[in-house]
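K.L.:
Input: one structure, supplied below.
Taken together, the values in this text are just the output of simple stated rules run on the coordinates, not laboratory data. Bear in mind the structure is a predicted one, so any value in this text is a computation, not a measurement. Methodologically, a virtual Cβ is constructed for each residue, glycine included, from the backbone with ideal geometry; neighbour enumeration extends over all protein chains shown.
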Amino acid sequence: MALIRMETVGKVYLADSVQVPALTDINLSIQPGEFLAVMGPSGSGKSTLMNILGCLDAPTSGQYYLAGEDVSKLDRDGRADVRNRKIGFVFQGFNLLPRIDAVSNVELPLIYGHVRYSLRRKTAMAALELVGLTDRAHHLPTQLSGGQQQRVAIARALVNDPEIILADEPTGNLDTRTSKEIMMVFRELNRQRKITFVLVTHDPEVGDITDRKILIRDGHIESDQPRVGEE
């Protein structure tokens with residue numbers, strides 16, 4: 001069964017009483033364990049697609065099934081529940097709280113899930129171990145490099161054992177060498193833990209590392225291609 005299935009999904013925004021289509025007739029299927037990129041120019045609709053995939057927004061039309069559940073008609077609270085149970089997020093700007101240490105940042109989704117302290121601290125440390133950062137567990141974000149901050153953000157995305165991780169321009173604030181390191185972290189997590197990764201990016205080098213590239217243009221899927229050649 002597909003982990004993600006979209007059927008004729010559309011999204012329309014209102015701007016000064018004018019309807020502006022952001023997505024039109026999106027049909028998309030993503031299998032468990034895939035490692036793919038959603039690409040497209042600015043304004044193409046890729047961020048809107050990510051917001052719907054991540055249950056941050058609802059489609060105007062069509063159906064979106066996540067792990068067999070129709071989430072397209074859920075209200076805000078329903079979408080929040082799905083996000084907390086099934087989806088991890090990694091953002092370009094890291095989105096770490098500056099006044100708490102790395103392990104406390106990783107714990108945040110568990111706090112929202114009302115997990116008791118002893119278990120959430122153990123779980124957060126295990127997530128930091130997965131990204132090779134246990135030795136920085138008690139450092140503040142300002143004491144970490146950009147690459148280390150992104151690893152903390154990845155650990156935070158992992159801590160609820162999600163079925164899918166959505167990464168929005170995850171290497172946008174990193175230099176070339178660190179970007180490659182972060183992509184290798186994603187790749188290893190995908191291979192070892194079978195987590196589905198969807199990377200929203202404009203960076204062709206990021207797209208070239210993934211197994212599948214979906215190109216969005218003018219709110220439509222223009223192409224959907226597997227990567228050709230050996231790794």
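K.L.:
Looking at the calculated P(r) for the stretch 92-158, what percent of the C-alpha pair distances fall above 21 Å?
P.N.:
Summing the P(r) of the stretch 92-158 above 21 Å gives 12 percent of all pairs.
K.L.:
Related question: For the stretch 100-231, place one equal point scatterer on every Cα, skip the solvent, and apply the Debye formula. What is log10 of I(q)/I(0) at q = 0.14, 0.19, 0.20, 0.22 Å⁻¹?
P.N.:
Rounded to two decimals, the profile gives -0.67, -1.09, -1.17, -1.33.
K.L.:
May I ask for the net charge around His202, where only other residues with Cβ less than 10 Å from the Cβ of His202 are counted and Lys, Arg are +1 while Asp, Glu are -1?
P.N.:
-1
K.L.:
If you don't mind, there's one more thing I want to ask. Size of the dipole of the stretch 110-231 about the Cα centre, Lys and Arg at +1 and Asp and Glu at -1 on the beta carbon, nothing else charged, in debye to 20?
P.N.:
My answer is approximately 760 debye.
K.L.:
Extending each Cα 7 Å along its Cβ direction at Arg193 and Asn84, get the distance between those two points in nm, one decimal.
P.N.:
Going from the Arg193 label point to the Asn84 one covers 2.0 nm.
K.L.:
Continuing with this model, one more query. Can you give the Rg and Dmax of the chain based on its C-alpha atoms, in angstrom?
P.N.:
17.6, 53
K.L.:
May I ask you to derive the FRET efficiency for Tyr112 and Thr134 from their Cβ-Cβ distance with R0 = 30 Å, giving the value to the nearest 0.05?
P.N.:
So the FRET efficiency works out to roughly 0.85.
K.L.:
I want the local charge near Leu140. Using Cβ-Cβ distances under 12 Å, sum +1 for each Lys or Arg and -1 for each Asp or Glu among the other residues.
P.N.:
+1
K.L.:
Any idea what the dipole of the chain comes to, in debye rounded to 20, about its Cα centre with Lys/Arg Cβ at +1 and Asp/Glu Cβ at -1?
P.N.:
With Lys and Arg at +1 and Asp and Glu at -1, about 780 debye.
K.L.:
Same structure again: Taking a 21 Å limit on the Cα-Cα distance, which of the listed pairs Lys86/Lys213; Lys73/Lys194; Lys11/Lys46 fall beyond it?
P.N.:
Going by Cα-Cα distance, Lys86/Lys213; Lys73/Lys194 fall outside the 21 Å limit.
K.L.:
Would you mind checking the radius of gyration and Dmax of the stretch 19-72 based on alpha-carbon positions, in Å?
P.N.:
Over the stretch 19-72's Cα set, Rg and Dmax evaluate to 11.6, 36 Å.
K.L.:
Based on the mean of other beta carbon atoms within 10 Å per residue, what is the order of 149-158, 205-214, 91-100, most packed first?
P.N.:
Most protected by this proxy first, the peptides run 149-158, 205-214, 91-100.
K.L.:
Report the antiparallel proportion of the DSSP beta bridges in the chain as a percent, rounded to a multiple of 5.
P.N.:
About 55 percent, rounded to the nearest 5.
K.L.:
Next question. Counting helices only, and only those DSSP H runs with n ≥ 4, report the 222 nm mean residue ellipticity of the chain as the sum of -39,500 (n - 2.57) divided by its residues, in deg cm²/dmol to the nearest 500.
P.N.:
So the helix-based figure for the chain works out to -11000 deg cm²/dmol.
K.L.:
Can you give the FRET efficiency to the nearest 0.05 for Thr60 and Asp16, using r as the Cβ-Cβ distance and R₀ = 22 Å?
P.N.:
For Thr60 and Asp16, the calculated efficiency is 0.80.
K.L.:
In nm, to one decimal, how far is the modelled label at Glu181 from the one at Asp218, with both set 7 Å along Cα→Cβ?
P.N.:
About 4.3 nm, to one decimal.
K.L.:
Rank Ser47, Ser17, Ser61 by mean-square fluctuation in a GNM of the chain with C-alpha springs under 10 angstrom and give only the top-ranked residue.
P.N.:
In the Gaussian network model the winner is Ser17.
K.L.:
With springs only between Cα atoms under 10 Å, which of Thr201, Thr134, Thr142 fluctuates most in a Gaussian network model of the chain?
P.N.:
Thr142
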